[in-house]
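Everything on this sheet refers to the single structure shown next.
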């Protein structure tokens, strides 16, 4: 009941019907859809809602929201996480002071406030994904991530181009590989299941992005043991 109230409140407060783009994705493990993700970009804000489905919700209850307020080139001014998992709750917002290379995080559950160092171009994972999509010459380079208060550098590389079958029909795709390097010396903290597993030095992430002006994320593959996790586009709207 509590989770449903939180989810409804967040939906009303943070999701606006005036969007420029909406992506619906499925996260699959062993071919089974475990989590459905919706990402809405309205030109100023990216709202990501991840929710466990079917049998997966029994094993790993998950109903999480991630809200990124951003300026040009998807550079976040704030990043809010509202996490409702079976054994873990989180309600945090981080504000970015890029002139001083500092982020300030407010925890509304633990009633804590502290700051930590960032790279000038640090982005949360979702803002970094949008940044990656619209890099003009998508050949190779680096992204900087703020992954739960740690500085990470992600090297991206175009490994090939290929045509694939998608929900939008057959699409020419750019296949981009991401490898992660932790720059901060602190240990990773325990956090929500989705973002905690996305950035890891022992794993890489491969994206298939449409080779056109829209650069639509078509699918992704994340190396995990014993089996890989895949993301697949279910629906795209403008």
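Listed values, structure above:
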item	result
Filter pass, residue 147 being out of contact with any strand residue (DSSP E or B) (no Cβ under 7 Å at 6 or more places or on another chain), within 22 Å of residue 72 (Cα to Cα) and crowded, with 16+ Cβ neighbours inside 10 Å	yes
Given (1) in contact (Cβ under 8 Å) with a residue 60 or more places away in the chain; (2) more than 24 Å from residue 62 (Cα to Cα); (3) in contact with a helix residue (DSSP H, G or I) (Cβ under 7 Å, 6 or more places away or on another chain), number of the condition residue 198 does not satisfy	(2)
Flag if residue 91 is touching a helix residue (DSSP H, G or I) at 6+ places or on another chain (Cβ under 7 Å) and crowded, with 16+ Cβ neighbours inside 10 Å	no
Flag for residue 96 being crowded, with 18+ Cβ neighbours inside 10 Å and within 24 Å of residue 156 (Cβ to Cβ)	yes
Selection count, the stretch 201-215, where residues are in contact (Cβ under 8 Å) with a residue 40 or more places away in the chain and either under 27 Å from residue 93 (Cα atoms) or surrounded by fewer than 19 Cβ atoms within 10 Å (Cβ to Cβ) (or both)	4
Single match in 182, 188, 161, 219 (criterion: in contact (Cβ under 8 Å) with a residue 24 or more places away in the chain, surrounded by fewer than 12 Cβ atoms within 10 Å (Cβ to Cβ) and either out of contact with any helix residue (DSSP H, G or I) (no Cβ under 7 Å at 6 or more places or on another chain) or under 24 Å from residue 63 (Cβ atoms) (or both))	161
Output for the stretch 164-179, where each listed residue is without any contact (Cβ under 8 Å) to a residue 12 or more places away in the chain and either closer than 28 Å to residue 47 by Cβ or touching a helix residue (DSSP H, G or I) at 6+ places or on another chain (Cβ under 6 Å) (or both)	169
Residue list for the stretch 190-238, restricted to those being under 16 Å from residue 126 (Cβ atoms) and in a loop (DSSP other than H, G, I, E, B)	191, 192, 199, 215, 216
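Residue-by-condition table, conditions (1) in contact with a helix residue (DSSP H, G or I) (Cβ under 6 Å, 6 or more places away or on another chain); (2) at pLDDT 95 or above:
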| residue | (1), (2) |
| --- | --- |
| 55 | no, no |
| 80 | no, yes |
| 106 | no, yes |
| 110 | no, no |
| 141 | no, yes |
| 145 | yes, yes |
| 152 | no, yes |
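The values are calculated or read from the model by the stated rules, or taken from the named source; none is laboratory data. What you see is a predicted model; the values in this text were computed from it and never measured. No Cβ is skipped: glycine too gets one built from the backbone with ideal geometry, and neighbour counts run over all protein chains shown.
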